[in-house]
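> For reference, the structure I am asking about is given below.
The values are calculated or read from the model by the stated rules, or taken from the named source; none is laboratory data. Bear in mind the structure is a predicted one, so any value in this text is a computation, not a measurement. Here Cβ is always computed from backbone atoms with ideal geometry, including for glycine, and neighbour counts include all displayed protein chains.
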Amino acid sequence: MSGVVSGFFIVWAVIGLGYVIGRAGVLGPDGQRVLSKLAFYVASPPLLFTTISEADIHHIFSAPLLVAAASAWLTMIAYALLSRFVFSRDAATVVMGAQAAGQVNAANLGIPIALFVLGDASQVAPVMLFQLAINTPLYLTIMDTLTGGRRPTVGSVLKNIVTNPLIMGSALGIMSAATGIRLPDLAMEPVRIVAGAAVPAMLLAFGLSLVGSRPLASPGTRVDTLLATGAKVVVHPGLALLLAWALGLTGHALYAAVIMAALPTAQNLYVAAVRYDRATTVCRDTVLLTTVVSMATMAVAAVFLS
């Protein structure tokens, strides 16, 4: 248990430093954007490659992947039914709200939590593969259709998948783990150095993003935001616990599945909401609320499952 507490302390200490830097304006108005891009495009792919290439490939494509997919989609469906038939939201708003309820921040917080709390960054790989390779192309295709934009083709969807740096880093790591092929130490050393920048950049950028945030300021979307937040921090990890238990996961594997499902809503979801002009306030406020509340959910999971 002390290791779990230490892990959370490390994560929040660096996030707090990012918040202080943001309040002080040390990095200027574009600091958060630059750090996020550095982490996403430059440092995270090498980190995923190095960790997954040394992981058990059978673990990535086994029960944890099924738990990640099923728990997320069941949570999204539950939210969508309430949003559509109880609160009468339009279809596109329902889709974006459902994503806020079930899509986790696997990169910016998932990797650090997996590394410092679970002790293994590869624990986030099944969640990332599900979200980036399956869920994201699917919901973007649906949103393009609902909002009257250009209908995506199979080629455009595949192009978005293969040009995503996180997917490519994960894919190369999987190939290395499956084939046993390893790069020479001389070639791996710069990869490891760049990978080392991923976690601090992610956490600092996340701290910067919290500056000036005011969730629930818009009364017209409070119900939707609270519904998505409750689904994310209670229903999603609860379903992951039941599904993982039903699939025979125990011990650390069960704990990891719940922790990954308890992660807060993905930050990049707000970008998609702005692009489609649907549920922008709900997505933004759910990200902020779940970022705080999900830590309590993960702490409870740590007490009973770690």
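> Kindly indicate which of Thr229, Thr280, Thr297 is farther than 20 Å from Leu74 by Cα and of a type in the set (Ser, Thr, Tyr).
Residue meeting the stated conditions: Thr280.
> Sticking with this one: Name the pairs: first residue in the stretch 98-124 and over 16 Å from Pro64 (Cα atoms) and modelled with pLDDT under 90, second residue crowded, with 24+ Cβ neighbours inside 10 Å and of a type in the set (Lys, Arg), Cβ to Cβ under 6 Å, at least 6 apart or on different chains?
Hits for this filter: zero, empty list.
> Next question. Condition check: among the charged types (D, E, K, R) and within 30 Å of Leu27 (Cβ to Cβ). Does Arg182 satisfy that?
No; evaluated as a whole, the condition is false for this residue.
> Scan the stretch 273-301 for residues that are part of a helix (DSSP H, G or I), small (Gly, Ala, Ser) and crowded, with 21+ Cβ neighbours inside 10 Å and jot them down.
Listed by number, the residues that qualify are Ala273, Ser294, Ala301.
> Do we have any residue at all in the stretch 127-149 that's aliphatic (A, V, I, L, M), crowded, with 20+ Cβ neighbours inside 10 Å, within 30 Å of Ser306 (Cβ to Cβ) and at pLDDT 85 or above?
yes
> Is it fair to say Ser53 is closer than 22 Å to Met168 by Cβ and of a type in the set (S, T, N, Q)?
Here the answer is yes, as Ser53 does meet what is asked.
> Also: Look through the stretch 235-272, keep the residues that are of a type in the set (Val, Ile, Thr) and in a helix (DSSP H, G or I), and return whichever of them is surrounded by the most Cβ atoms within 10 Å (Cβ to Cβ).
This residue is Val258.
> Checking Pro29 against (1) closer than 16 Å to Leu204 by Cβ; (2) part of a helix (DSSP H, G or I), only one condition comes out false. Which one?
(2)
> Check the stretch 145-155 and report whether any residue there is in a helix (DSSP H, G or I), more than 30 Å from Ala13 (Cβ to Cβ), charged (D, E, K, R) and free of Cβ contacts under 8 Å to residues at least 40 places away in the same chain.
There is no residue in the stretch 145-155 that is in a helix (DSSP H, G or I), more than 30 Å from Ala13 (Cβ to Cβ), charged (D, E, K, R) and free of Cβ contacts under 8 Å to residues at least 40 places away in the same chain.
> While we're looking at this one, here's another question. Taking Lys232 as meeting all but one of (1) touching a residue at least 40 places away in the same chain (Cβ under 8 Å); (2) out of contact with any strand residue (DSSP E or B) (no Cβ under 8 Å at 6 or more places or on another chain); (3) among the charged types (D, E, K, R); (4) assigned to a helix (DSSP H, G or I), write down the number of the exception.
The single condition Lys232 does not satisfy is (2).
> Sticking with this one: I'm checking my understanding of the structure. Among residues of the stretch 83-103 that are hydrophobic (A, V, I, L, M, F, W, C) and surrounded by 18 or more Cβ atoms within 10 Å (Cβ to Cβ), which one is farthest from Pro264 (Cα to Cα)?
Ala92
> Of everything in the stretch 34-70, what is more than 24 Å from Ile181 (Cα to Cα), in contact (Cβ under 8 Å) with a residue 40 or more places away in the chain and charged (D, E, K, R)? Give them in sequence order.
If the condition is that a residue be more than 24 Å from Ile181 (Cα to Cα), in contact (Cβ under 8 Å) with a residue 40 or more places away in the chain and charged (D, E, K, R), then no residue fits.
> Quick one: is Pro46 within 17 Å of the chain's Cα centre (by Cα) and not hydroxyl-bearing (Ser, Thr, Tyr)? Can you show your working first?
Numbers: within 17 Å of the chain's Cα centre (by Cα): no; not hydroxyl-bearing (Ser, Thr, Tyr): yes.
For Pro46, the condition - within 17 Å of the chain's Cα centre (by Cα) and not hydroxyl-bearing (Ser, Thr, Tyr) - is not met.
> From the set of residues in the stretch 47-63 that are modelled with pLDDT under 80 and in a loop (DSSP other than H, G, I, E, B), which is surrounded by the fewest Cβ atoms within 10 Å (Cβ to Cβ)?
Asp56
> Checking Ile21 against (1) touching a residue at least 60 places away in the same chain (Cβ under 8 Å); (2) over 19 Å from the mean Cα position of the chain (by Cα); (3) surrounded by fewer than 17 Cβ atoms within 10 Å (Cβ to Cβ), only one condition comes out false. Which one?
The one condition Ile21 does not meet is (3).
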